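Right, one structure below, let's go through it.
None of the figures in this text is laboratory data; all of them are computed from the coordinates on show. Predicted model, so just to flag it, every value in this text is computed and none were measured. Cβ placement follows ideal geometry from the backbone for every residue including glycine, while neighbour counts extend to all protein chains displayed.
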Amino acid sequence: DAGITQSPRHKVTETGTPVTLRCHQTENHRYMYWYRQDPGHGLRLIHYSYGVKDTDKGEVSDGYSVSRSKTEDFLLTLESATSSQTSVYFCAISESFQETQYFGPGTRLLVL
Amino acid sequence: KNQVEQSPQSLIILEGKNCTLQCNYTVSPFSNLRWYKQDTGRGPVSLTIMTFSENTKSNGRYTATLDADTKQSSLHITASQLSDSASYICVVRATGNQFYFGTGTSLTVIP
């Protein structure tokens with residue numbers, strides 16, 4: 001998985017609780033992305049980062065925030081988890097926006 | 001509206017047979033098109049990437065074609081193997097910072 005790890009790999013939480021997912025890369029790629037994948041929708045971009053402290057919203061950013069304080073780490077936070085945020089979350093990295101994205105192994109999140 | 005549509009939604013083929021997956025898009029202005037393979041429970045892995053000027057690109061038994069005039073792409077898999085069982089995702093990038101993902105074709109190769 002091209003030097004990308006995600007943690008945790010599985011999480012079960014309750015509605016209303018905060019959740020933070022971590023993406024860590026060892027490739028020193030500038031761009032990092034968070035996607036969610038749901039049946040019938042394919043992959044949808046939540047947020048992406050183009051450098052330390054530089055982030056931008058994607059297609060489905062409502063209810064999510066991100067932070068990138070180091071090149072290698074990109075955090076996704078659900079401030080108050082809802083059942084609609086039950087999904088599989090993928091982190092991806094790329095050297096530039098034009099280059100191929102390399103995906104992490106994914107995090108399965110279940111919000112009860 | 002920028003969209004990427006893939007067909008068929010699912011496909012079952014016998015091991016050793018060939019198959020072709022389709023991707024039609026309305027994304028404009030077009031920058032490039034990628035095909036990814038996603039095994040169950042894992043993240044997608046890039047197979048090919050094609051720009052406007054490229055008609056065909058191969059990666060082993062995988063051959064992708066692109067017709068930018070009709071906005072169609074296909075992924076041809078030759079001599080399928082059990083390990084080809086996966087979801088295949090077409091992704092079209094527009095100029096600027098926009099990606100459009102298809103919902104994928106689920107391929108099952110049976111012995």
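Data table
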{"quantity": "Some residue of segment A:28-41 being among the polar types (S, T, N, Q) and away from every other protein chain (no Cβ under 12 Å)", "calculated": "yes"}
{"quantity": "Selection from segment B:95-111 of residues that are buried (at least 19 other Cβ atoms within 10 Å of the Cβ) and either more than 13 Å from chain A (Cβ to nearest Cβ) or part of a strand (DSSP E or B) (or both)", "calculated": "B:F99, B:Y100, B:F101, B:T105, B:L107, B:V109"}
{"quantity": "Selected residue (only one of A:L109, A:L45, A:L76 is within 14 Å of another protein chain (Cβ to nearest Cβ) and within 24 Å of B:D39 (Cβ to Cβ))", "calculated": "A:L45"}
{"quantity": "Subset of segment A:31-40 [touching a strand residue (DSSP E or B) at 6+ places or on another chain (Cβ under 9 Å) and surrounded by fewer than 17 Cβ atoms within 10 Å (Cβ to Cβ)]", "calculated": "A:D38"}
{"quantity": "Subset of segment A:15-53 [part of a strand (DSSP E or B) and touching a Leu at 6+ places or on another chain (Cβ under 9 Å)]", "calculated": "A:V19, A:T20, A:L21, A:R22, A:C23, A:Y33, A:W34, A:Y35, A:R36, A:Q37, A:I46, A:H47"}
{"quantity": "The listed residue being over 25 Å from A:G58 (Cβ atoms), surrounded by 19 or more Cβ atoms within 10 Å (Cβ to Cβ) and within 15 Å of the chain's Cα centre (by Cα), out of B:A64, B:A68, B:A86", "calculated": "B:A64"}
{"quantity": "Matching residues in segment B:5-53 - criterion: being over 15 Å from A:G42 (Cα atoms), of a type outside the set (A, V, I, L, M) and part of a loop (DSSP other than H, G, I, E, B)", "calculated": "B:E15, B:G16, B:K17, B:N18, B:T26, B:S28, B:P29, B:F52, B:S53"}
{"quantity": "Sole residue being out of contact with any helix residue (DSSP H, G or I) (no Cβ under 9 Å at 6 or more places or on another chain), hydrophobic (A, V, I, L, M, F, W, C) and within 13 Å of another protein chain (Cβ to nearest Cβ), chosen from B:V92, B:V27", "calculated": "B:V92"}
{"quantity": "Hits in segment B:38-59 - residues which are out of contact with any Phe, Trp or Tyr (no Cβ under 7 Å at 6 or more places or on another chain) and under 30 Å from A:T107 (Cα atoms)", "calculated": "B:Q38, B:D39, B:T40, B:G41, B:R42, B:I49, B:M50, B:N59"}
{"quantity": "Matching residues in segment A:79-106 - criterion: being more than 13 Å from every other protein chain (Cβ to nearest Cβ) and surrounded by 15 or more Cβ atoms within 10 Å (Cβ to Cβ)", "calculated": "A:A81, A:Q85, A:T86, A:S87"}
{"quantity": "Residue match in segment B:43-63 (condition: touching a Gly at 6+ places or on another chain (Cβ under 7 Å), free of Cβ contacts under 8 Å to residues at least 40 places away in the same chain and within 14 Å of chain A (Cβ to nearest Cβ))", "calculated": "yes"}
{"quantity": "All positions within segment B:47-56 that are surrounded by fewer than 18 Cβ atoms within 10 Å (Cβ to Cβ) and touching a strand residue (DSSP E or B) at 6+ places or on another chain (Cβ under 8 Å)", "calculated": "B:T51, B:F52, B:E54, B:N55, B:T56"}
{"quantity": "Complete set of residues in segment B:54-67 that are assigned to a strand (DSSP E or B) and more than 15 Å from B:L107 (Cα to Cα)", "calculated": "B:T56, B:K57, B:S58, B:N59, B:T63, B:A64, B:T65, B:L66, B:D67"}
{"quantity": "Unique match (being within 12 Å of the chain's Cα centre (by Cα) and closer than 17 Å to B:G41 by Cα) among A:L21, A:L43", "calculated": "A:L43"}
